Amino acid sequence: MDCLLDFSKEELKEILASLDIKGFRVEQIFVALNQGKTFTEMNIPSEIKEKLSNNFISQPVLILDKKISRDGTVKFLFRLFDNNIIEGVLMKYKYGYTLCVSTQVGCRMGCKFCASTLNGLVRNLSAGEILGQVIVANKFLGGKLGENRMITNIVLMGSGEPLDNYENVTKFLKLVTSQYSLNISERNISLSTCGVVENIKKLADDGFKITLTISLHASNDEKRKELMPIANKYSIKKILSACKYYFKKTNRRVVFEYVLVKDKNDTLEDAKSLKELLKGFPTHLNVIPLNSVEERNLIGSTRERANEFVQMLTKLGQSATLRRTLGEDIDGACGQLRQKYIDNNGNIN
Ligand code: SAH
């Protein structure tokens, strides 16, 4: 069954017309869906509720469980209508709340340090399933729409590779930034990719102006191949040239992520070649010691080494920050999200 949140207000108008539902209901139903209401909770006649629920799912994402970290970060386990489970992470900052959403169930990119890819890709999420995560988290916080929404920022950095699900992800971007939905500005949305070059360019050509974040993690192709299989397909040079194209078209500074892995990519020589690589290109670098993932035998660098690494970059004139890790104690930190299963007794594994 289709999920009604997959559709824009204009598409909804056509759908309702095909079900003989009057046009004046369009805005009411679109807004109610984006407020997180099910058909039963909407203030509409029962025959309309029946028509809609016979044909469509209203809310595709339900909060199955949540864990709250010592630092206030909330990790949600979301259940989808086909019982797949995905995770989302809610972080509180001075300016508001950021939600980290998943874009796929699992992932096929195979990065050596990441938990989301352990079982490969199960399926893509639809636009409505990505939007549904924002809607339930906003509702959880008591948020409404417009000025009264609680979610202010979105990062597409949960499970999955967003640029491996291009159509649905870009549809989601159009929906979540639209007036009667959450109306979140593109400036407040970041998309993180391991570097699917064609789709970085396509994103710029299609007129999106979100913050592009690249998971770089190495300063040369040899080292990158040891950590990320995608490096066999696209060289760092190709990725950087796509980033320059993105910058030229959007005027948005590209952000690079660099996970520090002990004895792999964390020497001061690595810092120097990283600076060399990004020379002359306005970028910001987020450095983060690898978060431990049980099944992966890679270790994060020490905090001391991470500090030295960032100091070296700063000394060389590269804008860089050492990121705080949030939600580590609840397995909600970067790279720790995974698909969970429910066993026959209803326990979450
Ligand atoms: N597929 C996308 C987005 C999901 S991963 C991407 O590759 O960017 C979000 C970020 O978490 C990426 O920068 C990823 O490299 C990083 N990450 C993955 N595993 C990690 C781990 N164990 N510790 C720290 N960061 C990790």
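Remarks
- One residue from Ile68, Ile85 being under 17 Å from Gly332 (Cβ atoms), in contact (Cβ under 8 Å) with a residue 24 or more places away in the chain and loosely packed, with under 15 Cβ neighbours inside 10 Å: Ile68
- Inspection of segment 200-208 identifies no residue that is in a helix (DSSP H, G or I), aromatic (Phe, Trp, Tyr), at pLDDT 95 or above and within 19 Å of the chain's Cα centre (by Cα).
- A residue that is modelled with pLDDT of 80 or more, surrounded by 13 or more Cβ atoms within 10 Å (Cβ to Cβ) and not hydrophobic (A, V, I, L, M, F, W, C) can be found somewhere in segment 321-337.
- Condition broken by Arg108, with the remaining ones in (1) touching a residue at least 40 places away in the same chain (Cβ under 8 Å); (2) surrounded by 16 or more Cβ atoms within 10 Å (Cβ to Cβ) satisfied: (2)
- Any hit, segment 202-209, residues being free of Cβ contacts under 8 Å to residues at least 60 places away in the same chain, under 20 Å from Leu156 (Cα atoms) and either of a type in the set (A, V, I, L, M) or within 12 Å of the ligand (Cβ to nearest atom) (or both): yes
- Beta carbons closer than 6 Å, at least 6 apart along the sequence or on distinct chains, pair a first residue in segment 148-168 that is in contact (Cβ under 8 Å) with a residue 40 or more places away in the chain and of a type outside the set (Gly, Ala, Ser) with a second that is assigned to a helix (DSSP H, G or I) and near the ligand (Cβ under 7 Å from one of its atoms) for Leu156/Pro162.
- Lys139 outside any loop (DSSP other than H, G, I, E, B) and in contact (Cβ under 8 Å) with a residue 24 or more places away in the chain: yes
- Subset of segment 255-308 that is of a type in the set (S, T, N, Q) and more than 16 Å from the ligand (Cβ to nearest atom) - its residue that is nearest to the chain's Cα centre (by Cα): Asn307
- Restricting attention to segment 158-191, the residues that are more than 10 Å from the ligand (Cβ to nearest atom) and touching a Gly at 6+ places or on another chain (Cβ under 7 Å) total 1.
- Flag if Cys100 is within 16 Å of the ligand (Cβ to nearest atom), farther than 16 Å from Leu173 by Cβ and buried (at least 21 other Cβ atoms within 10 Å of the Cβ): no
- Here the helices (runs of 4 or more DSSP H) wholly within segment 7-112 that include at least 3 residues being within 21 Å of Asn153 (Cα to Cα) are 25-34.
- Qualifying positions in segment 249-294 - in a loop (DSSP other than H, G, I, E, B), β-branched (Val, Ile, Thr) and touching a residue at least 24 places away in the same chain (Cβ under 8 Å): Val293
- Residue list for segment 116-128, restricted to those being within 16 Å of the ligand (Cβ to nearest atom) and within 15 Å of the chain's Cα centre (by Cα): Ser116, Thr117, Asn124, Leu125
The values are calculated or read from the model by the stated rules, or taken from the named source; none is laboratory data. Nothing here was measured: the structure is a model prediction, and the numbers come from that model. Quick reminder, even Gly has a Cβ in these numbers, built from the backbone with ideal geometry, and neighbours come from all protein chains shown.
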